Structure formats: C-alpha cells, structure tokens
1. Please determine, by comparing only the residues of the range 45-83 that are in a helix (DSSP H, G or I) and among the charged types (D, E, K, R), which one is nearest to the chain's Cα centre (by Cα).
2. I'd like to verify a number: residues in the range 84-99 that are part of a helix (DSSP H, G or I) and either in contact (Cβ under 8 Å) with a residue 60 or more places away in the chain or in contact with a Lys or Arg (Cβ under 6 Å, 6 or more places away or on another chain) (or both), how many?
3. What is the one condition in (1) among the small types (Gly, Ala, Ser); (2) buried (at least 16 other Cβ atoms within 10 Å of the Cβ); (3) modelled with pLDDT of 95 or more that Gly84 does not satisfy?
4. Going by what's in this entry, would Gly64 be described as among the small types (Gly, Ala, Ser) and surrounded by fewer than 21 Cβ atoms within 10 Å (Cβ to Cβ)?
5. Mind checking which residues of the range 36-61 are aliphatic (A, V, I, L, M) and either surrounded by fewer than 18 Cβ atoms within 10 Å (Cβ to Cβ) or more than 21 Å from Leu92 (Cβ to Cβ) (or both)?
6. Output the number of residues of the range 15-34 satisfying the condition of being over 13 Å from Phe93 (Cβ atoms) and surrounded by 17 or more Cβ atoms within 10 Å (Cβ to Cβ).
Amino acid sequence: MKDNRDKSSHILNASSNLLGLCFVVLTSLKLLNIAHKTVIDELTTVATILFMTSCILSFLSIRGNRNSGKFEAIADFFFLGGLGLLFVTTLLFSFNFIT
C-alpha cells in the first residue's frame, strides 16, 4: 500500500503542475485574441481535462480506500494521456503544422 501512495503523490504533483501550465497557455491565447485562429486551445483544453482527472484520481488513491490501486492505475493512464497530448501539440506547433 505504501508504494501506491508514493507513486500517487508523484502523479498528483506532476499533473497539478502541468494543469497550471495548461491554464497559462489557455489564458495567454485568450489575452492575445488568437484562440479562434488555432486549435491549440482545444488541444490544451483536452489536456486540462486529462490532468484534472489525474489529479482527482491520484488524490483519491492517496486517501487510501480499498480501490486505491485502481484509482492510481487510472490516474497514471490519464496523466500519460495528457502528457502525450501536450507533447504532440508542441511538436505540431514547432513544425508549423498548426499555427
């Protein structure tokens, strides 16, 4: 059980930091009035949802009930999904596939 809580705390920390980064990106796009010209805000919104789900599930895993292992595995899946989505968005933006 202790290993689950150790891993979940790392998932919670990393996903909450990346959630904050997504909020900064979304806010920047809105303030610069370029959100309607690009799909970056839609992709970042999906990443935000994935990271928020990961935060909630990893928190529930840390709380320690009988489903904590299941919550941790699902939180890990959502975290990797959000991380992968941000990576793909960054690559597409870097190579000018999305503007």
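1. Asp76
2. Final tally of qualifying residues: 1.
3. Result: Gly84 fails condition (2) only.
4. Against the criterion (among the small types (Gly, Ala, Ser) and surrounded by fewer than 21 Cβ atoms within 10 Å (Cβ to Cβ)), Gly64 qualifies.
5. Answer for the range 36-61, where residues must be aliphatic (A, V, I, L, M) and either surrounded by fewer than 18 Cβ atoms within 10 Å (Cβ to Cβ) or more than 21 Å from Leu92 (Cβ to Cβ) (or both): Val39, Val46, Ile49, Met52, Ile56, Leu57, Leu60.
6. 5
The values are calculated or read from the model by the stated rules, or taken from the named source; none is laboratory data. If you're wondering where the values come from, they're calculated on a predicted model, not measured in any experiment. As a convention, Cβ positions derive from the backbone with ideal geometry for all residues, glycine included, and neighbour counts pool all protein chains shown.
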